[in-house]
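A.B. asks: After the structure tokens below, expect a handful of questions from me.
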Amino acid sequence: MATVDGAYDCVAKTPMGDQKGVFTVISSGDRFNGTFAGMMGSLDVVDGQVAGNKLTWKMEMTMPMPMTLECEADVTGDSITGTMQLGAFGASAFSGTRRP
């Protein structure tokens, strides 16, 4: 299992308030798949890439409006921190902790 793999309990600071969700990472070499499951449903990881402990990916949001989220994060131990680019709404920071 790669050091980035796991399920992380995350909180994203968004213009609509704090959004809690579970970010799942399943890596294979320098790529990864996964989902971000939260209050507004589940978003699939698109074009997930792994470089050491750094992750980059996109998610296609449809609700409340269609938008491509561009994301990056660093995994350190059992912690993940990163940002999501929310189109015209700017960037939202998020952080989380890996589930045991």
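The values are calculated or read from the model by the stated rules, or taken from the named source; none is laboratory data. Computed from a predicted model, the values in this text were never measured in an experiment. Ligands, DNA and RNA are excluded from the accessible area calculation, which covers all protein heavy atoms including side chains. Shrake-Rupley method; radii C 1.70, N 1.55, O 1.52, S 1.80 Å.
A.B. asks: For region 10-68, what is the accessible area per residue in Å² when the probe is 1.4 Å?
C.D. replies: 57
A.B. asks: Normalised by the residues of the chain, what does the relative contact order come to in percent, with Cα pairs under 8 Å and at least six apart?
C.D. replies: 23
A.B. asks: For region 59-100, calculate the relative contact order in percent as a whole number, restricting contacts to Cα pairs under 8 Å that are 6 or more residues apart.
C.D. replies: 29
A.B. asks: With a 1.4 Å probe and all protein chains left in place, how much of the accessible area of region 1-78 comes from carbon and sulfur atoms, in whole percent?
C.D. replies: Carbon and sulfur atoms account for 55 percent of the accessible area of region 1-78.
A.B. asks: Read phi for every residue in region 69-86 and hand back ³J(HN,Hα) as whole Hz from Karplus 6.51 cos²θ - 1.76 cosθ + 1.60, θ = phi - 60°, with x for Gly and Pro.
C.D. replies: 8, 9, 10, 8, 7, 10, 9, 10, x, 9, 10, 10, 9, x, 9, 10, 7, 9
A.B. asks: Using a 1.4 Å probe and ignoring any ligands, DNA or RNA, find the accessible area of Thr56 and quote it in Å² to the nearest 10.
C.D. replies: That residue has around 50 Å² of solvent-accessible surface.
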